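A.B. asks: Here's a structure for you.
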Amino acid sequence: MKVTVIMTCWKRFKNIEKIIDVFLKEPEVDEIIIWDNSQELKTDKPVTVIKSNKNYGANVRFAVAAIAKNDNILYCDDDIMPHKGIVSDLMRCYSKNSAVGIYGRNFTDC
């Protein structure tokens, strides 16, 4: 099962390259789309960056899902550092009749 990661960012670039790298190494992830609310994000990573001249906040990520190539979407922000295996951990808890997520910065088993 393939996953598209959709991330919103706004001027929190300190860890953005590290966050992207974690997701690029996840075998389930074959697409990363970043909505940049600041128009300032610069990366050479193989991701799609959409630059906005208006800060739409985090809710814009739901609209971005319309252009994702996968039905399975993982939403994240630019201030959460995922761990290796995060996608498989989430997919282990996923079923067709549920949504799976993490709120905050505490990664625990389902």
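Quick grid of which residues meet (1) open to solvent by less than 50 Å² (accessible area, probe 1.4 Å); (2) hydroxyl-bearing (Ser, Thr, Tyr):
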residue	(1), (2)
LYS18	no, no
LEU24	no, no
ASP30	no, no
SER38	yes, yes
LYS42	no, no
ALA66	no, no
TYR75	no, yes
ILE80	yes, no
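A.B. asks: Here is a follow-up. Run ASN70 past the list (1) in contact with an Asp or Glu (Cβ under 7 Å, 6 or more places away or on another chain); (2) surrounded by fewer than 12 Cβ atoms within 10 Å (Cβ to Cβ) and report the number of the one that doesn't hold.
C.D. replies: Against the list (1) in contact with an Asp or Glu (Cβ under 7 Å, 6 or more places away or on another chain); (2) surrounded by fewer than 12 Cβ atoms within 10 Å (Cβ to Cβ), ASN70 comes up short only on (2).
A.B. asks: Looking at this structure, is LYS69 under 26 Å from SER98 (Cβ atoms), at pLDDT 95 or above and among the basic types (Lys, Arg)?
C.D. replies: Yes, satisfied.
Results for (1) of a type in the set (Lys, Arg); (2) under 13 Å from the mean Cα position of the chain (by Cα); (3) on the phi < 0 side of the Ramachandran plot, shown as yes or no for each residue.
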site	(1), (2), (3)
GLU26	no, yes, yes
ASP36	no, yes, yes
VAL47	no, yes, yes
ALA58	no, yes, yes
ARG61	yes, yes, yes
LYS69	yes, no, yes
TYR75	no, yes, yes
ILE86	no, yes, yes
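A.B. asks: Would you check if GLY104 is open to solvent by 30 Å² or more (accessible area, probe 1.4 Å), small (Gly, Ala, Ser), over 13 Å from the mean Cα position of the chain (by Cα) and modelled with pLDDT under 90?
C.D. replies: Details: open to solvent by 30 Å² or more (accessible area, probe 1.4 Å): yes; small (Gly, Ala, Ser): yes; over 13 Å from the mean Cα position of the chain (by Cα): yes; modelled with pLDDT under 90: yes.
It is true that GLY104 is open to solvent by 30 Å² or more (accessible area, probe 1.4 Å), small (Gly, Ala, Ser), over 13 Å from the mean Cα position of the chain (by Cα) and modelled with pLDDT under 90.
A.B. asks: Right, next: Looking at the stretch 86-93, is at least one residue in contact (Cβ under 8 Å) with a residue 40 or more places away in the chain and either outside any helix (DSSP H, G or I) or of a type in the set (Lys, Arg) (or both)?
C.D. replies: no
The values are calculated or read from the model by the stated rules, or taken from the named source; none is laboratory data. Since we're looking at a predicted model, the values are computed, not measured. Methodologically, a virtual Cβ is constructed for each residue, glycine included, from the backbone with ideal geometry; neighbour enumeration extends over all protein chains shown. Quick note on the areas: whole protein, heavy atoms, side chains included, nothing else; ligands and nucleic acids left out. Shrake-Rupley method; radii C 1.70, N 1.55, O 1.52, S 1.80 Å.
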